[in-house]
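Accompanying notes for the structure given below.
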Amino acid sequence: QKLSKEQQQMLNTGRVQAARDRAAAQEFANLQDSSFARRVDDGELEDYRKSVIHKDDPMAAYEMETRQKREMKRLKKEVKREKKEKKRMKKEGKKNNRKRGGGGG
């Protein structure tokens, strides 16, 4: 079975790498849309500063635990979505095979 270049790249890229790539692309797009100079009232910059965890922060352990739980929840949803997509592609493949007159399905 011949896969498209996009499908092959998707299969060769891990979930974490794909998520990082999407995040980097989104950040780049946001930076392109923003002005060059950042000001004190820049909401995105403020959000970034708030998201940084410092080692002396007394809430650091709690925040890390919260982020890990959130990330696990997100990954579970992503895995579920990927399984659904894989099942759909498999079903689509069988359907296309029947149309071509392939046997056994």
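Observations on the model:
- Selection of first residues in the stretch 13-42 that are under 22 Å from LYS73 (Cα atoms) and of second residues that are at pLDDT below 75 and open to solvent by 80 Å² or more (accessible area, probe 1.4 Å), restricted to Cβ pairs under 8 Å at least 6 apart or on distinct chains, gives the following pairs, ordered by first then second residue: ALA18/MET10.
- Helices (runs of 4 or more DSSP H) enclosed by the stretch 1-94 - at least 1 residues per element that are among the aliphatic types (A, V, I, L, M), modelled with pLDDT of 80 or more and surrounded by 10 or more Cβ atoms within 10 Å (Cβ to Cβ): 15-33
The values are calculated or read from the model by the stated rules, or taken from the named source; none is laboratory data. None of these values were measured; they are calculated from a predicted model. Reconstructed Cβ throughout: ideal geometry from the backbone, glycine too, with neighbour counts over all protein chains shown. Side chains are part of the model used for accessible areas, which takes the heavy atoms of the whole protein and leaves out ligands, DNA and RNA. Shrake-Rupley method; radii C 1.70, N 1.55, O 1.52, S 1.80 Å.
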